[in-house]
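What follows is a set of notes on a single structure, which appears directly below.
The values are calculated or read from the model by the stated rules, or taken from the named source; none is laboratory data. The shown structure was predicted, so the numbers you read here are calculated from the model rather than taken from an experiment. When we count neighbours, we look across all protein chains shown, and the Cβ atoms used for this are built from the backbone with ideal geometry, even at glycine.
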Amino acid sequence: MGREYVFTAIDEFLVSQPNGYFVIEGDLGVGKSAILAEFVRRTSRSWPTSTSVLKASIEPVNSWSICTQLIDRYNLPYPTLPPEASQDGNFLAKLLDEVSTQLNDGERLVIAIDALDEVDLLGHTPGANILYLPSLLPRGVYFVMTRRQVSLPFTVHVPQHLLDLMQYRAESRADVELYLKRAVDQPEIRAWIENRNLALETFITTLTDKSEYNFMYLRYVRQDIERGLYHDLNIENLPAGLEGYYEDHWRRMDMMTKPLPRTKIKIVYILAEVREPVSRKLICDFSDEDALTVQEVLDEWDQFLHEQQIDSQTRYSVYHTSFRDFLHRKDIVQAAGVTIPGINAMIADDLWEELFGNE
């Protein structure tokens, strides 16, 4: 919704620079992934551009997967990848050079990488760039990437532009207001507003302030209003900010009642710690709970989960990193009566038993 200043900046970078890295930076939930997806959609239509799309939050990206896509897209003569393809950036740099020679005048290779901060750095060579991204790029080759405001190993010697979304507060507010002006056309939203005798402008202004310009917050709150979960609240009582939303939902799901709903808490934390799509059966194995109990938790927390079909199985993963971060907050962990190492040990023990039995 909106974000025209971002797309203008990317287009200007692609036109003015012979190659380089364009990095979009921002907090969790502000819409970085949506911006990148919209950029790819627009680019594929408006530019004579070859675009490879890698989404780290669903399918973890690594240098091996980038190389595989380049070989496939440009029919490069490599039936198999050499072992070093995932160990350093030399092979990736070689492929980019070969692709560059295939580009006609005006053509660009744009590799879009989402959630760079979620890349697994386990076993990463000290001093090397994240994903072993080359410090030099051939003409016509660009990377457009998103990341949180975290420190990452990344040093390059080509044009680089960092666009910090958090510095565009006025533009972000206008985008949120535009989003809400369209949302009030939904019957459930309009009915909620009218039942409280609210002016549309009051609803838009108040929820814009409460959102702290975070689109993930707006997504959740809009869903909850449409589902009727806020039938007992006035607009002043709606949670403020994404963290506030998670806290409010945690309480509303009775996750802090005494005695603690330990089974439900355990399953939610397992979903957050697995870090990849997992089947209901595997969740049952990890938690040592029956399928009915696990399914009830999956149904209750469905708005926070991403479902996808893999090998004819429905698999589940946490929809957004911000929810995992919330579960890792010290006060929430303590109130839930769990330990993160304990949850991970539970998962590891089950995997070990499955692989080696009682040996």
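Things to note:
- Within the stretch 183-203, the set of residues being under 30 Å from the mean Cα position of the chain (by Cα) and part of a loop (DSSP other than H, G, I, E, B) comprises V184, D185, Q186.
- For the condition modelled with pLDDT of 90 or more and either in contact with a strand residue (DSSP E or B) (Cβ under 7 Å, 6 or more places away or on another chain) or assigned to a loop (DSSP other than H, G, I, E, B) (or both), L121 does not qualify.
Matching residues to (1) within 25 Å of Y74 (Cβ to Cβ); (2) in the same structural domain as N75 (by TED's automatic domain parsing):
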{"residue": "S100", "(1), (2)": "yes, yes"}
{"residue": "D105", "(1), (2)": "yes, yes"}
{"residue": "L122", "(1), (2)": "no, yes"}
{"residue": "P159", "(1), (2)": "yes, yes"}
{"residue": "L162", "(1), (2)": "no, yes"}
{"residue": "A174", "(1), (2)": "no, no"}
{"residue": "T205", "(1), (2)": "no, no"}
{"residue": "T208", "(1), (2)": "no, no"}
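Conditions tested, residue by residue: (1) surrounded by fewer than 14 Cβ atoms within 10 Å (Cβ to Cβ); (2) hydrophobic (A, V, I, L, M, F, W, C); (3) over 26 Å from the mean Cα position of the chain (by Cα).
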| site | (1), (2), (3) |
| --- | --- |
| T263 | no, no, yes |
| E296 | no, no, no |
| H306 | no, no, no |
| H328 | yes, no, no |
| P341 | yes, no, no |
| I347 | no, yes, no |
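- Test result for T101, hydroxyl-bearing (S, T, Y) and touching a Leu at 6+ places or on another chain (Cβ under 6 Å): no
To keep it simple, each residue is scored yes or no on (1) among the hydroxyl-bearing types (S, T, Y); (2) more than 30 Å from E25 (Cα to Cα).
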| position | (1), (2) |
| --- | --- |
| L162 | no, no |
| E194 | no, yes |
| T202 | yes, yes |
| Y213 | yes, no |
| R227 | no, yes |
| N234 | no, yes |
| A240 | no, no |
| M253 | no, yes |
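- Close Cβ contacts (under 8 Å, 6 or more residues apart or on different chains) running from residues in the stretch 117-132 that are over 17 Å from T321 (Cβ atoms) to residues that are acidic (D, E) comprise T125/D88; A128/D88; Y132/D88.
- Enumerated helices (runs of 4 or more DSSP H) restricted to the stretch 280-340, each holding at least 1 residues that are modelled with pLDDT of 90 or more, of a type in the set (D, E, K, R) and more than 25 Å from E118 (Cα to Cα): 280-287, 291-300
- Condition check for T146: outside the structural domain of R108 (by TED's automatic domain parsing) and either farther than 19 Å from R227 by Cα or assigned to a loop (DSSP other than H, G, I, E, B) (or both): no
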